[in-house]
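Here is the structure we will look at, set down as structure tokens.
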Amino acid sequence: MWLVITMFCLAALYVMLGAEFIGAIQVLVYAGAIMVVFLFVVMLLNLGHVGELTVTRGRVAGIVASFLGLALIAQLMTLARSRGGEQLAAPAVAPWETGTADGGVVGVVAAPLFREHLLAFELTSVLLLAAIVGAVVIGRGRR
């Protein structure tokens, strides 16, 4: 559920930046379709009763996780303190405003996706398909 909320917040950030199309696609694709696939796979696995899912980690794992979390926070604070006065320069013209003549706002997103990043796009779809098929095989193997 928190992942869905994160996807909605990311879509809100896109809308606040002026990229309404990207925000709408974020909600439709990630918060909608991908989360439905995740829920379907989790339901298909049928992990059993809640009582069977006990915590198997001991105190050592909790101490190590706490130490790593504190180290990460310390690094982030050090990085923020060292870059305190810097401001990111905003571009003179937003990228989605320059592509309105040759394909609109959608063209700005679609052109690189289906030209330069086509292989990564197709490999991601094959990976998701393999994950779903694997979940079905695992789910049927228990019966």
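So here's what we get for this one:
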| read-out | value |
| --- | --- |
| Qualifying residues in the range 21-40 (those that are over 30 Å from Val136 (Cβ atoms) and touching a residue at least 24 places away in the same chain (Cβ under 8 Å)) - the one surrounded by the fewest Cβ atoms within 10 Å (Cβ to Cβ) | Phe21 |
| Qualifying residue in the range 121-131 (condition: part of a helix (DSSP H, G or I), among the charged types (D, E, K, R) and at pLDDT 80 or above) | yes |
| Residue that is modelled with the lowest pLDDT [pool: residues in the range 58-106 that are closer than 20 Å to Met16 by Cβ and exposed (fewer than 10 other Cβ atoms within 10 Å of the Cβ)] | Leu88 |
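The values are calculated or read from the model by the stated rules, or taken from the named source; none is laboratory data. Given the structure is predicted, the values throughout are model-derived calculations rather than measurements. Methodologically, a virtual Cβ is constructed for each residue, glycine included, from the backbone with ideal geometry; neighbour enumeration extends over all protein chains shown.
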